[in-house]
1. Quick check on the stretch 143-164. Is at least one of its residues more than 27 Å from Tyr17 (Cα to Cα), part of a loop (DSSP other than H, G, I, E, B) and out of contact with any Asp or Glu (no Cβ under 8 Å at 6 or more places or on another chain)?
2. Can you tell me which residue within the stretch 209-261, out of those that are among the polar types (S, T, N, Q) and part of a helix (DSSP H, G or I), is surrounded by the fewest Cβ atoms within 10 Å (Cβ to Cβ)?
3. I'm trying to understand the selection: among the residues of the stretch 21-47, which are surrounded by fewer than 10 Cβ atoms within 10 Å (Cβ to Cβ) and within 15 Å of Leu65 (Cβ to Cβ)?
4. May I ask you to verify whether Val137 is closer than 21 Å to Asn184 by Cα and not in a helix (DSSP H, G or I)?
5. Check Ala141 against each of (1) surrounded by fewer than 24 Cβ atoms within 10 Å (Cβ to Cβ); (2) hydrophobic (A, V, I, L, M, F, W, C); (3) over 23 Å from Gly300 (Cα atoms) and name the one condition it does not meet.
Amino acid sequence: MQDANQLTVSEPVLRKYPADRVATNNRRVLIINTGGTIGMEPSETGSLGVKSNFLASMINRLDELNHPNMPLVSLCSMDPLIDSASISPDDWIYFARTIQKYYDGYDGFVVTHGTDTMSYTAAALSFALENLAKPVVLTGAQLPLGHPYTDGRQNLASAIFLAGYELVIPEVCIFFNRHLHRGNRCIKENSWSLDAFGSPNFSPLASLGISVTVNKGLVRRIPDPVASPLRVFTRFDRSVVVIRLVPGFSDDLLMLLLESSSQASSPELLGAGKTRGSVVTNDADVTDATDVGSPDAGSGATEGLACSAPPPLEGRARLHPARGIVIQTYGTGNMSSRRTDFIHAVTKAIDSGVVVVITSQCVRGEVRLDSYDTGEQLKKAGCVSAGDMTTDTAAVKLSYLLGQAGLTPNDIRTQMEADLRGEISSRLDRNISDPRGTPAYLKPHLPAAATASSFVLRGAGADLPPSLSIGHHSQF
């Protein structure tokens, strides 16, 4: 596993530009290279591995970045670069503080990242960066930049373009295959396609084609930098478990986890600790983020500097208790009605202070615990509905809330169902339907000329790929 304690970041270096370049876009974008397929090269055996200077050399060779409408690009890189399968909450903290350090010097940020866990990092950054007033766009590739038909070139150029776009999209986003998605609404849907990411319950914030269409009605408002300056939260609790139900299979391990977690308020289980709400945690489980090689703080305040972690496996007599459990149930939030002992164990864990969140195994739709009797039982036990949140985001959000000092389990349950960063639709929005029963927030986009919620750039820049065509504003 990547040792985040050894992670450092290089100083930003401005990309090399032709001496005769005449720029019409003077916005500045910083690329934060964390690793991933986009910057990998094949080894002698054919397997892909990260290469430290590969992305920097390729960026200097991307001619589309010389276009006058593209922003000025600088690059900094993590050292060592990280395979995204090895990403940890400590890395999320480091990425957030790197953005904080350079926040005042750039108009937007692009984070190159491996695709396997990109949705988790995007969700984590969305919660870590409160009052974000600038674009933070995560992107990557299914094929390395050196591949003959790589998707990385278009993804990277487009992400840079949107991060330096004059119509600011002040959100943590994922750009992939012509679409800009809200990061905490995204999932990786396909491991074997260039169209790898989707946002099943939320329309794209922007799409690139012959023109650039921004769904302005979905973009979050830019906060007042004076009244609401950037705040960086860098505390995530790792004591969160995600469980997927399978009909009829043994759930002995889950029952053991619930039993261990329901005893988490007992000092005998964790040793001398401190109480958060009704849950005891051990100070030894908390790692100060200043020990993670954090860059010097830049703009904004930093809230909390810790990431709680379970103790080492050695000497652990039983399962380490979970402070939060996410259960992927069936349909709208259903489970077997035959397992009354399971409901009893869930109730006991919740009564002891464990937060239990219910998500669905369905990719689209939402959890409504009052739809069926089995879901109603979970609701009465005190389980929290994730609504239309993805399971990835629900787990990260729960980790984030558990890491915030002063929140009781009841506070966390309330916040889990609240919209903090656009990660969940309000119940009102989910109830608004058109005559066919389609929720309003999932309606197909109208043509740009027919809706005031779209912003379109039209034109046919012959020297740019079609998706980067530049022109005049025809709609606002």
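1. No, every residue in the stretch 143-164 fails to be more than 27 Å from Tyr17 (Cα to Cα), part of a loop (DSSP other than H, G, I, E, B) and out of contact with any Asp or Glu (no Cβ under 8 Å at 6 or more places or on another chain).
2. Per the criteria, the residue is Ser260.
3. Val22, Thr24, Asn26
4. The answer is yes for Val137.
5. Against the list (1) surrounded by fewer than 24 Cβ atoms within 10 Å (Cβ to Cβ); (2) hydrophobic (A, V, I, L, M, F, W, C); (3) over 23 Å from Gly300 (Cα atoms), Ala141 comes up short only on (1).
Conditions tested, residue by residue: (1) in a loop (DSSP other than H, G, I, E, B); (2) more than 29 Å from Trp192 (Cβ to Cβ); (3) of a type in the set (Val, Ile, Thr).
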site: Lys16; (1), (2), (3): yes, yes, no
site: Val22; (1), (2), (3): yes, yes, yes
site: Ile31; (1), (2), (3): no, no, yes
site: Thr45; (1), (2), (3): yes, no, yes
site: Ser77; (1), (2), (3): no, no, no
site: Asp90; (1), (2), (3): no, yes, no
site: Ile93; (1), (2), (3): no, yes, yes
site: Ala96; (1), (2), (3): no, yes, no
site: Ile99; (1), (2), (3): no, yes, yes
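Matching residues to (1) surrounded by fewer than 24 Cβ atoms within 10 Å (Cβ to Cβ); (2) modelled with pLDDT of 95 or more; (3) more than 22 Å from Ile222 (Cβ to Cβ):
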{"position": "Ser57", "(1), (2), (3)": "yes, no, yes"}
{"position": "Pro68", "(1), (2), (3)": "yes, no, yes"}
{"position": "Gln100", "(1), (2), (3)": "no, yes, no"}
{"position": "Tyr103", "(1), (2), (3)": "yes, yes, no"}
{"position": "Asp107", "(1), (2), (3)": "yes, yes, no"}
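The rows are residues; the columns are (1) of a type in the set (Val, Ile, Thr); (2) out of contact with any strand residue (DSSP E or B) (no Cβ under 8 Å at 6 or more places or on another chain); (3) in a helix (DSSP H, G or I).
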{"position": "Ala349", "(1), (2), (3)": "no, no, yes"}
{"position": "Gly353", "(1), (2), (3)": "no, no, no"}
{"position": "Ile358", "(1), (2), (3)": "yes, no, no"}
{"position": "Gly365", "(1), (2), (3)": "no, yes, no"}
{"position": "Gln377", "(1), (2), (3)": "no, yes, yes"}
{"position": "Ser399", "(1), (2), (3)": "no, no, yes"}
{"position": "Leu407", "(1), (2), (3)": "no, no, no"}
{"position": "Thr414", "(1), (2), (3)": "yes, yes, yes"}
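The values are calculated or read from the model by the stated rules, or taken from the named source; none is laboratory data. Keep in mind it's a predicted model, so treat the numbers as computed, not measured. Note: ideal-geometry Cβ built from the backbone for every residue, glycine included; neighbour counts use all protein chains shown.
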